[in-house]
Amino acid sequence: MKSREFDRIAREVFGNVLAPHGFSCADSKRCTFVRTHGDDVFHVIMPDPGTRFTWYDVSVFPTSPRLHLDFHDRFPDDLGNTLDVWGKLNERTGIGMDQARFNCKTEDNFRSRFDKTVAPLLVSAAIPFLDTIHTYDDLLPHLRGPFAAYNRG
């Protein structure tokens, strides 16, 4: 699989699940899905392929322009995950440290694994997690890694 094929399929299958929940990848050059809460909070769901496009993982995180001096230059595709390694979609914890790798070696593999595993996790874990973060103050306790300094005031 090549980059364009991955993005095309991801835009379709993720879009079918995420669009009814207010997510769009219209501003993305790739397949980064975003929804907004006012001017302060953005929810990001980003399928991220491995180097050979045989697997991908899914980053799930809230962000804000208040966390990046160059937010509008980097939005939406090149923002850092504000949850650091804690913002990965996985079968064990829903959203957490465990990086799950989902097969996408072929289009059939991609679609099958998405339907069986990823789509249900988006609905049962990713969206409910992000639904709890409406304001900048809601976002602060979740910050990890280099972003955690923002939570100290």
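Brief remarks on what is shown
- For ASN90, net neighbour charge (Lys/Arg +1, Asp/Glu -1) across residues whose Cβ lies under 10 Å away: 0
- Dipole of segment 3-151, positive direction: furthest Cα of VAL41, PHE6, ILE133, with charges on the beta-carbon: PHE6
- Using a Förster distance of 30 Å, the FRET efficiency for TYR150-THR36 (Cβ separation, nearest 0.05): 0.95
- Translational diffusion of segment 92-151, µm² s⁻¹ [Kirkwood Rh, Cα pairs; Stokes-Einstein; 37 °C; 0.692 mPa s]: 242 µm²/s
- Summing Cβ point charges (Lys, Arg +1; Asp, Glu -1) relative to the Cα centre of the chain gives a dipole of roughly 500 debye.
- Extending 7 Å from Cα along the Cβ direction at ASP27 and again at ASP108 yields two label points whose distance is 3.9 nm.
- Computed on the Cα trace of the chain, the radius of gyration divided by the Kirkwood hydrodynamic radius gives Rg/Rh = 0.95.
- Computed over protein heavy atoms with a 1.4 Å probe, the carbon and sulfur contribution to the accessible area of segment 26-153 reaches 48%.
- Residues ASP84 and ASP137, FRET efficiency given R0 of 25 Å [Cβ-Cβ distance, rounded to 0.05]: 0.80
- In the full protein context, the chain carries 52 Å² of accessible surface per residue, based on a 1.4 Å probe and ignoring ligands, DNA and RNA.
- The chain: relative contact order in percent, alpha carbon pairs under 8 Å with at least 6 residues between: 21 percent
- For segment 91-107, 3J(HN,Hα) per residue [Karplus equation, 6.51 cos²θ - 1.76 cosθ + 1.60, θ = phi - 60°, Hz, x = Gly/Pro]: 6, 7, 10, x, 10, x, 7, 6, 8, 8, 10, 9, 5, 8, 4, 10, 4
- Modelled label positions at THR117 and THR93, each set 7 Å beyond Cα in the direction of Cβ, lie 1.8 nm from each other.
The values are calculated or read from the model by the stated rules, or taken from the named source; none is laboratory data. Source: prediction; values computed, not measured. Quick reminder, even Gly has a Cβ in these numbers, built from the backbone with ideal geometry, and neighbours come from all protein chains shown. Remember, those area values only see protein heavy atoms, side chains included, never the ligands or the DNA or RNA. Shrake-Rupley method; radii C 1.70, N 1.55, O 1.52, S 1.80 Å.
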